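Participant: The structure is given below, and queries will be raised subsequently.
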Amino acid sequence: MQLYAQTPPSPKSVLGFNPTDDRTIADWTQITGYFAKLDAGSPKVLVREIGKTTLGKPQIVVFVSASENIKNLEKFRAINAKLADPASIRDQAELESLIKQGKTVVSISCSIHSTEIVASQMSMNLAYELATANDPGTQEILKNTILILIPSSNPDGIDIVADWYRKTLDTKFEGFGPPELYHHYAGHDDNRDWFMINLRETQNITKLFWQEWFPEIVYDIHQQGQAASRMTVPPFFDPPNPRIAPLILRELGVIGYKMAADIQGKGIPGVATNTTYDTWWHGGFRSAPYFHNSIGILTEAASANLMTPTKVTKEQLQRSSARGLRSALETATNFPAVWEGGEWRPADIARLEMIASRSLLEMSAKFRERYLRNFYELGKANLEQKPDEPQAFIVTAGQPRAETVSRFLEILMWQGIEVYEMTQEGYFAMESARRGEFHEMPLGSFYIFVNQAQKNNILSLLEKQVYPNRLNANGEAEVPYDVAGWTLPLQMGVEAEPIWNTRDLAGFKRTLKRVANINQVRAVLNLKPSSEPFAKIPNPLRTSPRVGLYKGFTGSMDEGWTRFVFDLYQVPFKSVGDRQIRDGLLDLDTLVLPADSENAIVKGLNPERYPSEFTGGIGDSGIENIRKFVEDGGTLVCFDDSCEMVIKRFQLPIKSVLSGLKRNEFYNPGSIVALNVDRRFALARGVADTTPAFFSNSAGYEITDPEKVDSIAKYAAKNALLSGWMLGESYLNGKTALAEARYGNGRVILFAFRPQHRGQSFATFPLIFNALEKRSN
């Protein structure tokens, strides 16, 4: 039995400074060290490691609740798991007993974007306050809620930012972000991985949330631009996703207004609601919970210069605008009190975050029964089929690229979706596409029934998105917060067909066995067992090219995701930096340029903000060295943005057909489109005639000299949009999406889109691997 004779230590007593004070920063070792001591000093706190990060650091969560609750955490976890699975509850009496005993499970997560550093520091103050305060409000919170505090969901990034900040203190570079990605692979996109689950950190938290604890409320704390509102809170801007339960949208609005009112009540101006951020897209930390019957909260506080104060002028505020907010100096119903500018400190940010966290916890405690009951009822309602919903989705046996099928099913199962395997010989007639046509499905197929507690998650991942046609007064497309379409089977190139009816459903179900783990799937697909979740995939290359991937100092997410794909498929490569290219050290067969602009590649970082060793890009000399590399027989592979630079600098006979078009003529903010692939070419090996690709403000080409350039794939001549939103599709129809240009003794391969988009577009990964292969010229 653990004894707690000592007083819980304050953050300052452990760190030597008060977290969130100007020009101080705690790294991950200090943060975890503090929480270990708070755990040892308080019966209200329990620290648990939930896994390792991408770079091998311990990823922790901190449970905070009344001491009796901490002693019985497993009991309360089991209650919440029961409420998350309404089919497992026998009767009303059992339900009432669970609700009477249960606690509202709330997760507060900090600084997933590590340059938004303040929340990670604030987390120590929040936990200490809850562990030591004795006022009635705090006691009610501790009694009725279990807080799962995540000091950071990106610990590696905390150290990257802390190390850089300390190195640049007292220099002119103080307060600027590090000259590298603050997540090893994803950078800012680490908060775009919450349905794909590519990253270790996402895998750890997804397991915690949707296999173990099933929180009723998830709060993700962020920072935004310095000249924006002082804080943006829910409710959010339009459009909402139709697969989010209306009750979820109402509840997050109630909590957001409570946060705004409490901040206003403290005399703090500048809080905005109903602006900027929407609830359409699935893949964020706070948006994924909507599809798990949970309330997802996001707040965004105005930033400082990391942990250094900044000054914000009225002129900056006047120029600041967003969807739903014309100016940060103009009052409105959703922005009733203007902040006039002045000094803005980390402590100001932390104060807003502490008030908002307290508001959420007060609501969670006071309305405990309501949140538990609503959570259960939302799941229960999903067990009934509605007229516009399919009965199931089927992943038919015999599909190519079995490793991709395995990964697709693993992604679904990891976030709690039930998948079933057909285990007996025989065929069952299915009605697909609602046309009244029945056909047979073979042994070895996998089924995902829609009527699960997670119905909204299943539908939002597997069906096609149809983004509303939202135009501004001038006819231009209104820019969504993130992408418009993400349909998982399309992105991955997996056939998951909706089934609307089944003959002899009861008999059919008797042939099914719920998949218990990924190795059951892999056995059916004749793949080797996997020793760990989300294991690496065998190298698909047939040759052994010397591959180089350009990696500058601008922190390119596209470079990071390319690295991720290479590592996932165990493709050998080396990173090639600015100096190597400037010096012409290109001992390679293939050089890959990620989707970065000409300015980012050629000029690099601003010398006024970074030391000279990080600035300058590859320069004009680097461009010339790349040109010689290709001319001498090398292969240059370009993704999306970098293509424009190469077309211009190499004077390739290719024209960009979308350049100069306004948003009332053409717009595609992130959607899945159809490619028609010419399979006569080596680049198209193993790719279907019609292949989905991800298009995000990308390009389309016309080839002006077919003797020098081959068109490998074109956007479909009609009906190119598969999922999402595209305005002015005719500009893109039939235009080249993938080209191969002969240049001297080498070749240039131009992807007009991002074939490795966020590590999600498995359907177009084979095109990348084909581009890397050694070929005789």
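The values are calculated or read from the model by the stated rules, or taken from the named source; none is laboratory data. Just so it is clear, the model here is predicted, and its values are computed rather than measured. Virtual Cβ from ideal backbone geometry, glycine too; neighbours counted across all protein chains shown. Each accessible area value is taken on the protein alone, full model and side chains, heavy atoms only, with ligands, DNA and RNA left out. Shrake-Rupley method; radii C 1.70, N 1.55, O 1.52, S 1.80 Å.
Participant: Given the options Val64, Val118, name the one that is over 29 Å from Phe534 (Cα atoms), out of contact with any Asp or Glu (no Cβ under 9 Å at 6 or more places or on another chain) and crowded, with 19+ Cβ neighbours inside 10 Å.
Facilitator: Working: Val118 fails: out of contact with any Asp or Glu (no Cβ under 9 Å at 6 or more places or on another chain).
None of the others qualify; the one that does is Val64.
Participant: Conditions: (1) free of Cβ contacts under 8 Å to residues at least 40 places away in the same chain; (2) open to solvent by 10 Å² or more (accessible area, probe 1.4 Å). Glu212 meets all but one. Number of the miss?
Facilitator: Every listed condition holds for Glu212 apart from (1).
Participant: Tell me, which residue of the stretch 698-734 that is basic (Lys, Arg) and in a loop (DSSP other than H, G, I, E, B) is nearest to Lys648 (Cα to Cα)? Even if it seems obvious, please write down each step before you answer.
Facilitator: Of all residues in the stretch 698-734, those basic (Lys, Arg) come to 708, 714, 718.
Adding the requirement that they be in a loop (DSSP other than H, G, I, E, B) leaves 708, 718.
Values: Lys708: 15, Lys718: 29 Å.
Once the filter is applied, the top-ranked residue is Lys708.
Participant: Then there is this: Can you tell me which residue among Phe408, Phe367 is at pLDDT 95 or above and over 30 Å from Thr502 (Cβ atoms)? Walk me through how you get there before you give the answer.
Facilitator: Details: Phe408 fails: over 30 Å from Thr502 (Cβ atoms).
Every option except Phe367 fails the conditions.
Participant: Just to verify a result, which residue in the stretch 534-551, among those that are assigned to a loop (DSSP other than H, G, I, E, B) and touching a Phe, Trp or Tyr at 6+ places or on another chain (Cβ under 7 Å), is most open to solvent (accessible area, probe 1.4 Å)? Give the derivation first.
Facilitator: Of all residues in the stretch 534-551, those assigned to a loop (DSSP other than H, G, I, E, B) come to 534-546, 551.
Subsequent filtering for residues that are touching a Phe, Trp or Tyr at 6+ places or on another chain (Cβ under 7 Å) retains 537, 539-541.
Details: Ile537: 6, Asn539: 66, Pro540: 48, Leu541: 28 Å².
Residue satisfying both the conditions and the ranking: Asn539.
Participant: Here's another thing I want to ask about it. Could you run through the stretch 607-619 and say how many residues are free of Cβ contacts under 8 Å to residues at least 12 places away in the same chain and either out of contact with any strand residue (DSSP E or B) (no Cβ under 6 Å at 6 or more places or on another chain) or open to solvent by less than 30 Å² (accessible area, probe 1.4 Å) (or both)?
Facilitator: As a first pass, look at the stretch 607-619 and keep what is free of Cβ contacts under 8 Å to residues at least 12 places away in the same chain: 607, 612-613.
Now restrict to residues that are either out of contact with any strand residue (DSSP E or B) (no Cβ under 6 Å at 6 or more places or on another chain) or open to solvent by less than 30 Å² (accessible area, probe 1.4 Å) (or both): 612-613.
Number satisfying all stated conditions: 2.
Participant: Same structure, new question: If only one of Glu665, Glu644, Glu624, Glu707 is under 30 Å from Asn241 (Cβ atoms) and surrounded by fewer than 19 Cβ atoms within 10 Å (Cβ to Cβ), which one is it?
Facilitator: Numbers: Glu644 fails: under 30 Å from Asn241 (Cβ atoms); Glu624 fails: under 30 Å from Asn241 (Cβ atoms); Glu707 fails: under 30 Å from Asn241 (Cβ atoms).
When all the criteria are applied, what remains is Glu665.
Participant: In this structure, is Ser656 surrounded by fewer than 20 Cβ atoms within 10 Å (Cβ to Cβ), among the polar types (S, T, N, Q) and under 23 Å from Pro706 (Cα atoms)? Don't jump to the end; show me each part of the working.
Facilitator: Numbers: surrounded by fewer than 20 Cβ atoms within 10 Å (Cβ to Cβ): yes; among the polar types (S, T, N, Q): yes; under 23 Å from Pro706 (Cα atoms): yes.
Judged against the criteria, Ser656 is a match.
Participant: Return only the number of the condition from (1) in a loop (DSSP other than H, G, I, E, B); (2) within 18 Å of the chain's Cα centre (by Cα) that Thr171 does not satisfy.
Facilitator: (2)
Participant: Restricting attention to the stretch 490-518, which residues are open to solvent by less than 40 Å² (accessible area, probe 1.4 Å) and either part of a helix (DSSP H, G or I) or modelled with pLDDT under 95 (or both)?
Facilitator: Passing the criteria: Leu490, Gln491, Met492, Ile499, Thr502, Gly507, Phe508, Thr511, Leu512, Ile518.
Participant: Moving on to the next point. So for the stretch 593-601 (the condition being open to solvent by less than 60 Å² (accessible area, probe 1.4 Å), in a strand (DSSP E or B) and touching a Cys at 6+ places or on another chain (Cβ under 8 Å)), does at least one residue qualify? Give the derivation first.
Facilitator: Here is the first cut: in the stretch 593-601, the residues open to solvent by less than 60 Å² (accessible area, probe 1.4 Å) are 593-598, 600-601.
Filter once more, so that each one left must be in a strand (DSSP E or B): 593.
With touching a Cys at 6+ places or on another chain (Cβ under 8 Å) added as a condition, the list becomes 593.
Yes - at least one qualifying residue is present in the stretch 593-601.
Participant: Still on this structure, please answer the following. Any idea which of Ala260, Ala301 is surrounded by 16 or more Cβ atoms within 10 Å (Cβ to Cβ), under 21 Å from the mean Cα position of the chain (by Cα) and either farther than 23 Å from Ser723 by Cα or not hydroxyl-bearing (Ser, Thr, Tyr) (or both)? Show your work before the answer.
Facilitator: On the way: Ala260 fails: under 21 Å from the mean Cα position of the chain (by Cα).
The match here is Ala301.
Participant: Then there's this: Any chance the stretch 609-627 includes a residue that's under 22 Å from Ile703 (Cβ atoms) and of a type in the set (Asp, Glu)? Spell out how you get there, then give the answer.
Facilitator: First, the residues of the stretch 609-627 that are under 22 Å from Ile703 (Cβ atoms): 626-627.
Now restrict to residues that are of a type in the set (Asp, Glu): none.
No, the stretch 609-627 has no match at all.
Participant: May I ask you to list the residues in the stretch 304-328 that are open to solvent by 10 Å² or more (accessible area, probe 1.4 Å) and of a type in the set (Ser, Thr, Tyr)?
Facilitator: Thr308, Thr310, Thr313, Ser320, Ser321
Participant: Turning to a different aspect of this structure: In the stretch 359-394, how many residues are open to solvent by 50 Å² or more (accessible area, probe 1.4 Å) and either of a type in the set (D, E, K, R) or in a helix (DSSP H, G or I) (or both)? Don't jump to the end; show me each part of the working.
Facilitator: So the first thing to find is which residues in the stretch 359-394 are open to solvent by 50 Å² or more (accessible area, probe 1.4 Å), and the list is 362, 366-367, 369-370, 373, 377, 380-381, 383-388.
Still in the list and also either of a type in the set (D, E, K, R) or in a helix (DSSP H, G or I) (or both): 362, 366, 369-370, 373, 377, 380-381, 384, 386, 388.
Residues in the stretch 359-394 being open to solvent by 50 Å² or more (accessible area, probe 1.4 Å) and either of a type in the set (D, E, K, R) or in a helix (DSSP H, G or I) (or both): 11 in total.
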